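Inspection log for the structure reproduced underneath, given as structure tokens.
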Amino acid sequence: MRAPTRTVRLLATLLCTIALHGSASTAGVETVQWATVQDTNLEIAPGSPLDFSAWTTQAQDPSGHARMHCASLAWSPATGGFPDHQTASRYAQQLKRHGYNVVRFHYVEATLMAKRDEDFDFDPQQLDNWLFFLAELKRLGVNWVFDALSSDNGALGGVYPHRWVKKHKLKEQVYLNERAQQHWRELNRRLLTMVNPYTKVKVIADPALLGIILVNENGLNYLATTRQRWPDGLDTAFNAWLKQQGLNNDGLARKWKASKDASDDLDLNAVSLPQGPKVTGAKAADAQRFMSELEGKTAAWMSEYLRSLGFKGWITSYNNWPAFQTSVSRSAFDWVDMHAYHDESFAWSPGTSIQQTSSLGDGVRYARWLAMTRQKGKAFSVTEYGQPFWNQYRYEAGLTVPAMARLQGWNFACLHASGAIDLSSTETFLFKRQILPYGVGLDPIARAGETLAAAIMMRGDLRPFDKGLTLPLSRQAAFDSGGNGLPPDDISYLAWLTRVDLAITHNESADNSLLPPLTKWSAIPRLSNHVALLKRKGLLPGDNLSDVDKGIYQSGTGEVTLDTHKDQFAVNSPRTEALAARKLTAPIKLGSLTVRHLSGSGLLGLISLDGLALKSSQKILIVLASDAENTGMSFKDPGRKQLEDLGKLPARLRRITANLDLERATPSNGVLTSLHLNGALGDNTPLTTKTEKVSVALDNFAASHGPTTFFLLTFNK
């Protein structure tokens, strides 16, 4: 950590005196300023304002629905691998204090097989560390979810220079290649049936193992799109399937008509697959039905094998692609899992570009896509979502997706991360030297968002929808739409208004009093007409503020409001009120909170820490997040889209100021305290008032301990 200069110290003292004071005005602070983060210790102390461990022990709604908040751990040798025993104990405890009670492991086999020459020759130290870590998580009440296969290389030996190189094709070969299928079985037999010496229980039989994803992201249409080709051998299998349907060349000509290619010849096993998932027509529909059946058969033998090994938890697969065909394949499971991103970044080498857009203007489309894939009566989770670094609006993800998850009653959601948390910002591992895309633990902005997410998901500060719509989707309609068929964007906005569930049917006669079957959705009037219909049906209250023409979408609970024209997203619940805004041109009132001024794009949230409504709470955590970058980070364009140099730690925060008013049940004086990034107390500023309202001015640069994202507001009893 670089020591601040004398000038910076003097400036910090001056800002502390002026901008932290409750009556100070922050209007007019518009110039973009950056300051270096001075905190390096990221471990939350027990009992600090950021210690949410009590929430994880009370994680159940009155209805008995378990509340879960998920941490993503996509560890690799570049992040240090699985930690040693001492570090694992600290890390597990920190996960609990951050408010997590589920961990999603990703690429476990890749880490265990790093630099191993023989198949299934797991690194003994890494294996021991992983097993110990599992035991520590279990001891603290943190459940596990992981992939039965994450990597295309599986547990095959001799993969260099690293396990992430594209050498083998196991994700696609498990469909048709017997050797690949046997490798999948052997990998899971060896890894999951071993007795963990630290729990004395087989991994697969441990009740802490909540769920297994059979293969990560291996839907056939998804593979074809991302790899720009169909998986090897799929065309041969398609020809065999057509013959099994009793078809011949004449039958294909009659059935497919104009969509039959001139070169298609079933006698020669030369019927080609469509040119890609976007193709529609009779031939493409049969291809999609074939792929859905193949995905179903593959999932069936994999699931049966895990059950034969003794697994009793959740099983799922095809956790990518919101397309209808994949929803049909997912209907075979009792648990649906999904992934989606906004402005995703796949690299960070010089020249890499992102769109640098806010998710609010398009109605947080990726969250709507996720919502439209949940299936009626099934468990639902999102094991990957995000708005990754260096998108300057990524603070939005900490509020929008958790709000959607809670409204819709999802079981859990995981902000995708190489590590959801870090213990320090001074580690020397390759991927710990700067903030990276998905480097959540080292990103103060992502961590601030996850803090709000814990209140929403773990403590359950938003009310879920208690009723909603069932959206019928027939299998044939799904196949007719090709591999990329999606719900109309207009209709997906329903997810912000009421609960939505897909119902996969065998015909178009599904009973639904509000919406016709999928094949007739294109004839549905604009969503604005449906707002009135939802009110008539009692799914929205009469005073709901939703107005499609004005870009306003308010949940039926009244606790979430999205304004796509103003790029604002607000949460208003008794214990948590928050605003994500790209801009604030006029004061906005939530509930007890009125935000009078926000100097730039950012996230502002108030969380009651004593369980009382904010109006009466004596202890309130304030989250204020803007943007962060690495020291020395630079771009090739003024819009900060195309990367020139990623830079290094320490991180730098962009300055943001805010003025807010908080209504109080009774007049009460208080103290505003800046917090270190680990929750340790910083500078105090008294707040005085003679009315039932307290005014607070915030400046994330004001603390003497450097820029921060957290403040504590306490009141006299």
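The values are calculated or read from the model by the stated rules, or taken from the named source; none is laboratory data. The structure displayed is predicted, hence computed values, not measured ones. Here the Cβ is made from the backbone with ideal geometry for all residues, glycine too, and neighbour counts use every protein chain on show.
For this structure, a couple of remarks:
- Of the candidates Ala665, Ala628, Ala680, the single residue that is of a type in the set (Gly, Ala, Ser), loosely packed, with under 15 Cβ neighbours inside 10 Å and out of contact with any Gly (no Cβ under 7 Å at 6 or more places or on another chain) is Ala665.
- Leu214 being free of Cβ contacts under 8 Å to residues at least 60 places away in the same chain and either closer than 30 Å to Ser150 by Cα or crowded, with 17+ Cβ neighbours inside 10 Å (or both): no
- Taken over region 417-433, the criterion of being more than 17 Å from Asn678 (Cβ to Cβ) and buried (at least 23 other Cβ atoms within 10 Å of the Cβ) is satisfied by Ala417, Ser418.
- Flag if Leu545 is without any contact (Cβ under 8 Å) to a residue 24 or more places away in the chain, at negative phi and of a type in the set (A, V, I, L, M, F, W, C): yes
Quick grid of which residues meet (1) touching a helix residue (DSSP H, G or I) at 6+ places or on another chain (Cβ under 9 Å); (2) under 20 Å from Leu214 (Cβ atoms); (3) part of a loop (DSSP other than H, G, I, E, B); (4) modelled with pLDDT of 95 or more:
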| residue | (1), (2), (3), (4) |
| --- | --- |
| Gln86 | no, no, no, yes |
| Leu95 | yes, no, no, yes |
| Arg104 | no, yes, no, yes |
| Lys115 | yes, no, yes, yes |
| Glu118 | no, no, yes, yes |
| Leu127 | yes, no, no, yes |
| Gly157 | no, no, yes, yes |
| His162 | yes, no, yes, no |
| Val165 | no, no, yes, no |
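- Among the conditions (1) buried (at least 22 other Cβ atoms within 10 Å of the Cβ); (2) in contact with a Leu (Cβ under 9 Å, 6 or more places away or on another chain), the only one that Leu653 does not satisfy is (2).
- Filtered residue count, region 449-467, keeping only those that are in contact with an Asp or Glu (Cβ under 7 Å, 6 or more places away or on another chain) and small (Gly, Ala, Ser): 2
- Criterion (surrounded by fewer than 19 Cβ atoms within 10 Å (Cβ to Cβ), more than 30 Å from Gln94 (Cβ to Cβ) and either touching a strand residue (DSSP E or B) at 6+ places or on another chain (Cβ under 6 Å) or modelled with pLDDT of 95 or more (or both)) met by exactly one of Ser634, Ser704: Ser634
- Any hit, region 169-190, residues being surrounded by 21 or more Cβ atoms within 10 Å (Cβ to Cβ), among the charged types (D, E, K, R) and free of Cβ contacts under 8 Å to residues at least 60 places away in the same chain: yes
- Options Ala180, Ala208, Ala224: the member that is within 21 Å of Leu131 (Cα to Cα) and in the same structural domain as Ala135 (by TED's automatic domain parsing): Ala208
- Any chance Phe715 is surrounded by fewer than 22 Cβ atoms within 10 Å (Cβ to Cβ), among the aromatic types (Phe, Trp, Tyr), on the phi < 0 side of the Ramachandran plot and without any contact (Cβ under 8 Å) to a residue 24 or more places away in the chain: no
- Hits in region 174-227 (condition: assigned to a helix (DSSP H, G or I), of a type in the set (A, V, I, L, M) and within 28 Å of the chain's Cα centre (by Cα)): Leu187, Leu191, Leu192, Val203, Ile204, Ala205, Leu220, Leu223, Ala224
- Residues of region 666-684 that are hydroxyl-bearing (Ser, Thr, Tyr) and either within 19 Å of Arg447 (Cβ to Cβ) or modelled with pLDDT of 95 or more (or both): Thr673, Ser674.
- When each of Gly377, Gly386, Gly398 is tested for being at pLDDT below 95 and not polar (S, T, N, Q), the lone residue that passes is Gly377.
- In the set Asp547, Asp567, Asp610, only one residue is modelled with pLDDT under 95 and either farther than 21 Å from Gln408 by Cβ or among the charged types (D, E, K, R) (or both); that residue is Asp547.
- Qualifying strands (runs of 3 or more DSSP E) (wholly inside region 601-656; at least 1 residues being more than 14 Å from Ala578 (Cα to Cα)): 619-625, 628-631, 643-645, 648-654
- Annotation: of all residues in region 390-411 being small (Gly, Ala, Ser) and crowded, with 24+ Cβ neighbours inside 10 Å, the one that is farthest from the chain's Cα centre (by Cα) is Ala403.
- Those helices (runs of 4 or more DSSP H) lying entirely in region 239-337 with at least 2 residues under 39 Å from the mean Cα position of the chain (by Cα), among the small types (Gly, Ala, Ser) and at pLDDT 95 or above: 282-308, 324-330
- Counted residues, region 298-322 - those being aliphatic (A, V, I, L, M), crowded, with 18+ Cβ neighbours inside 10 Å and either in contact with a His (Cβ under 9 Å, 6 or more places away or on another chain) or closer than 25 Å to Ile504 by Cα (or both): 3
- Here Arg97 does not fit the description of being in contact (Cβ under 8 Å) with a residue 40 or more places away in the chain, within 18 Å of Leu149 (Cα to Cα) and of a type in the set (Lys, Arg).
- Where Lys297 falls short, out of the listed (1) in contact (Cβ under 8 Å) with a residue 24 or more places away in the chain; (2) farther than 25 Å from His416 by Cα; (3) assigned by TED's automatic domain parsing to the domain that holds Leu436: (1)
- Checking Leu545, Leu539, Leu584, Leu562 one by one, the residue that is surrounded by fewer than 16 Cβ atoms within 10 Å (Cβ to Cβ) and closer than 27 Å to Ala613 by Cβ is Leu545 and no other.
- Between Ser48, Ser23, the distinction of being outside any strand (DSSP E or B), modelled with pLDDT of 95 or more and surrounded by fewer than 20 Cβ atoms within 10 Å (Cβ to Cβ) belongs to Ser48 only.
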